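One structure is given below, represented as structure tokens, and several questions about it will come after.
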Amino acid sequence: MGKVRILAEDLVSLISAGEVIENPSSIVKELIENSLDAGATMIDIAINEGGIHSIVISDNGSGILREDCPICLLRHSTSKINTKEDIEEISTYGFRGEALASISAVADIKITTQTEEEETGSLLIARFGEAPNVTETSRAKGTTIEVTDLFKNIPARRKHLASERVESQRIQEVVMKQAAILPEIGFRFQRDGNTIIDCPPNQSASDRIASLWGIDIAKSLVIVDYSSGNIKISGFVATPPVSRGNRSREYFSILKRPITDERLSQAVESAYSTTLMKGQYPVCALDISMELSKVDVNVHPTKREVRILDIDKVSDAVKEAVRKAFGKSDDVLETVTLQASLDETIETISVESISELSQAPSKQAHQKQIESALLVEQTILAPSSVEGKEDSEVDFLGGVVKIIGQIHNLYILIETEEGLLIVDQHAAHERVLYEQLRTEVTQDRVAVEELLEPFILSLSPKDAEQIVDVADILESIGFTITSFGGNEISISTLPEILGRVASETELLTLVDRILDIGSKESVDTFKDDLVKVTACHSAVRAGQSLNTEEIREIITELATTKSKFNCCHGRPSMLRIRKEDIDRSVGRMGAAAIARYKARHRIE
Ligand code: ADP
Ligand code: MG
């Protein structure tokens, strides 16, 4: 007997369910889309235990006819397409007729619904493995879908879900992204009984973003409204310095479908160019509208990926749209070119005489450029001078070394008996502070700075909640963080090492990095990572000018650290160059070396 067999229907539906339902957030996404397709103007989402225990979505849409109730749970049952042509030009979110079928294959479903056409509503209960049962009920027009006990019947899938907190956050992100695009639709999101998002219908686009991202970001937004040919880009970009330490606030959608696309992110980032510091990412919400036929929403079962047929053209349009939005595309460009030619000027300045340079084209911008070039040049040529011999000597690496100075506001030069040490000032200081704070944390005696006035940071509701969730752990390293209601948090104490550099922007970036660490880790690893990012933020920066006294302090402290040769992220913190190697490189050989050379080659 052969081995190939046709799979039983229930197995087939389980397998295909896996393509659509990856986790609770994919259920929420599908159900929100169904409500939107039903013309709802208000969508209420409530989840419990990361959506694993329950997801309840209510809308005020068209409702489902009694006779359609049992059918809508079957695979490939849809009210949205009829003919082959419909597939070419899909304007609804759903069309495959798979979502409800897939959900009912992996969870219990209860649907309460009422249409305008029928007098009484319907209640459909579909328990896993049982035939669905439809009875009468009454409610206002619309539909409520309740999904409970996800993957109860498939322990293997349940095991692969993330923690409740992570699953809740994924769901919240789905709701936020959808709500950002559709300010005309009301969204409410409750997590374990707490209202996290509450956006009324018919908000203005900027009010919607303010409700979701907080007023501080909203205040910095510039409207994007751009079209080129058939491509139209609309939405918002935040003006620097408002930015994020990751891409979590780069929202994109195509034809009001949320998407993520590396190319689009890069396009926006390149439009900001040098106006954002390295490691900082734009905050934006941009919707791209273009001909439906140029977009293929059919690529991925969860419709998460949308294929744009002409991505180059779209990316260019996005970049141009953002530049224009700053209302000063030329200014932005000028900053870029200024920076580029500044770099060139610095390279050539040593071969040109200063008087020649000052006769350069008299355009104001160019003059400014030269002035700043000269300024930079002076700093480079005149490293902090060594103030008195004693001051410059430090015990380091088992001997006395001599601080020569700082170059490029970035490296510390030290003469050792062996040769030369080039120390990365940030990496070295970060190592010092990391070991210091780590010891304080392990011994539970963190030096804390009480702030006279707490910092109030405005985050997204999701970020605020995530930070408050780990407030206990943050407290153990010196941060006192409390929820300040809604999406604001208050920080009233800081680890002392951070105190001297703390500013609102600094703390926002730090919060982003903390959020980036994620929560999959054990508490100990999480704590260690927190200590690392705190040390990183507290340490002197590249670009900061240091005097000999400050250098001495760093080197003296570095001498006491356990792993002085690397920063806490593993990057080398210094480069050692032996004098012999310098000698060899310039063709200078000492008498001893010449003797060794002669002996080895038996030269008399
Ligand atoms: P699809 O959305 O691809 O059509 P689904 O499995 O998601 O497939 O839904 C099946 C059908 O159930 C839909 O075509 C629609 O007719 C009906 N339906 C589902 N959810 C709702 C809702 N919230 N309001 C009205 N009708 C709904
Ligand atoms: Mg659907």
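The values are calculated or read from the model by the stated rules, or taken from the named source; none is laboratory data. Keep in mind it's a predicted model, so treat the numbers as computed, not measured. Cβ: placed from backbone, ideal geometry, glycine included. Neighbour counts: every protein chain shown. Protein only, heavy atoms only, side chains kept; ligands, DNA and RNA dropped before computing areas. Shrake-Rupley method; radii C 1.70, N 1.55, O 1.52, S 1.80 Å.
With only alpha-carbon atoms in the gyration tensor, what are the semi-axes of the equivalent ellipsoid for the stretch 86-242, in Å, largest first?
Values: eigenvalues 244, 93, 64 Å².
Value: 35, 22, 18 Å, ordered largest first.
Please work out the Cα center distance from the stretch 134-149 to the stretch 184-227, rounded to the nearest Å.
Rounded to whole Å, the Cα centres lie 28 Å apart.
Using the Kirkwood radius over Cα pairs, work out the Stokes-Einstein diffusion coefficient for the stretch 158-266 at 25 °C and 0.890 mPa s, in µm²/s as a whole number. It would help to have the intermediate numbers written out before the result.
Values: Rh = 15.4 Å.
The diffusion coefficient I find is 159 µm²/s.
Binning at 5 angstrom from zero up to the longest distance, how are the C-alpha pair distances of the stretch 90-131 distributed in percent?
Taking all Cα pairs of the stretch 90-131, the binned fractions are 5, 19, 19, 18, 21, 15, 3 percent.
In the stretch 395-472, which GluC sites (Glu not before Pro) are in a loop and have at most 16 other Cβ atoms within 10 Å, using DSSP for the loop call?
Details: sites: 415, 417, 418, 430, 435, 440, 449, 450, 465; in loops: 417, 418.
Filter output for the stretch 395-472: 417, 418.
In addition: With a probe of 1.4 Å, find how much accessible area the stretch 5-196 has per residue, and write the answer as a whole number in Å².
Values: 8860 Å² over 192 residues.
Result: 46 Å² of accessible area for each residue.
Across every pair of different alpha-carbon atoms, what Kirkwood hydrodynamic radius in Å does the stretch 208-325 reach? Spell out each step's value before the answer.
Working: mean 1/r = 0.0692 Å⁻¹.
Over the stretch 208-325, the inverse of the mean reciprocal pair distance is 14.4 Å.
How large is the convex hull of the Cα atoms of the stretch 474-536 per residue, expressed in Å³ as a whole number? Could you put the intermediate results ahead of the total?
Working: hull volume 5.6 nm³, N = 63.
Each residue corresponds to 89 Å³ of Cα convex hull volume.
Considering only DSSP states other than H, G, I, E and B, which GluC sites (Glu not before Pro) in the stretch 117-209 qualify as loop sites with at most 14 other Cβ atoms within 10 Å? Before the final figure, lay out each step's value.
Numbers: sites: 117, 118, 119, 130, 136, 146, 164, 167, 173, 184; in loops: 117, 118, 119, 130, 184.
The qualifying sites are 117, 119, 130, 184.
Sorted from largest to smallest, which semi-axis lengths in Å does the alpha carbon gyration tensor of the stretch 544-591 give for its equivalent ellipsoid, taking the root of 5 times each eigenvalue?
On the way: eigenvalues 163, 48, 23 Å².
Its equivalent ellipsoid spans semi-axes of 29, 16, 11 Å.
Further question on the same structure: Restricted to Cα positions, what overall size does the stretch 443-590 have along the principal axes? Three whole-Å values, descending.
Principal extents (Cα only, largest first): 72, 34, 30 Å.
Find the lysine pairs in the stretch 86-236 meeting two conditions, Cα atoms under 23 Å apart and a separation of 8 or more places or different chains, and report how many there are. Let's see the in-between values first.
Details: 110/141; 110/152; 177/219; 177/232.
The number of close lysine pairs in the stretch 86-236 is 4.
Quick one: if you take sqrt(5λ) for each eigenvalue of the C-alpha gyration tensor of the stretch 27-168, what semi-axes come out, biggest first, whole angstrom?
Values: eigenvalues 115, 67, 49 Å².
Rounded to whole Å, the semi-axes are 24, 18, 16.
What FRET efficiency, computed as 1/(1 + (r/R0)^6) with R0 = 51 Å and r the Cβ-Cβ distance, is obtained for residue 156 and residue 85, rounded to the nearest 0.05?
Working: r = 41 Å, r/R0 = 0.80.
Between residue 156 and residue 85 the formula returns 0.80.
Which ³J(HN,Hα) values in Hz, rounded to whole numbers, follow from the phi angles of the stretch 470-481 under the Karplus curve 6.51 cos²θ - 1.76 cosθ + 1.60, where θ = phi - 60° and Gly and Pro get x?
Whole-Hz 3J(HN,Hα) from phi for the stretch 470-481: 9, 4, 4, 5, 4, 5, 5, 10, x, 8, 9, 10.
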